[in-house]
Structures are given as C-alpha cells and as structure tokens.
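Notes for the one structure printed next.
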Amino acid sequence: MFRGLLFHIIPLLSPFIVYAVYLYYLKKAGGEKTWQGKSVAVLTLIGLVLMAISFVVIWALQDRADDGVYIPQHMENGKLVDSQVVPKAN
C-alpha cells in the first residue's frame, strides 16, 4: 500500500522538489526569482501528467491472471479464506 502510494505521490511532487532546488541555488548565486502563480500552475500540470503516466505504468505492468477464475474472499466453516485465482477446468 505504502509503496503504491509513493509510486504515485513521488511523480506528483518531483517537479516541485526540482524547482525548489533550482530556486535555492539561484538565490545562493544572487538571483531574485521566487515562487510565482504561473510557475506553480505549470509544476502542478507537470506533476499531474507524471502521476497519470505512473497510473498507466502500474496498469500495464499489473499481473493479470486471464487464464483462471477469481474466487473472492469468503467464509468457509467459520474461517476466512483469502481470495485466489484458480486455473480454469478444461
């Protein structure tokens, strides 16, 4: 869960981190640039595009069991049985 969340949050936040580092070094070198509305909007759009790409990558690399039958989690004799994919019967 946490790894999946990071896989989507990191692409969203990475443009902001890169821009913050850029501003830090620019200020250190004597620059006067600061966070502005337009730059934040552009960074947000870039982050959303990167996050959308991460969703597509997760979907494309997802393990699919197309040759089996999904059995959802259920109770059997008072015990909880985990969900599973069993091969199709021929």
Label corresponding to Cα Rg over 2.2 N^0.38 Å when calculated from the structure given, among (1) 1.10; (2) 1.19; (3) 1.86: (3)
Hits among lysines - C-alpha to C-alpha of Lys38 under 26 Å, sequence gap 8 or more where chains match: Lys27, Lys28
Using alpha-carbon coordinates, inclination of helix 37-61 to the longest axis of the chain, degrees: 20
Using alpha-carbon coordinates, inclination of helix 2-28 to the longest axis of the chain, degrees: 10
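Rule-based calculations on the coordinates, nothing more; no lab input. If you're wondering where the values come from, they're calculated on a predicted model, not measured in any experiment.
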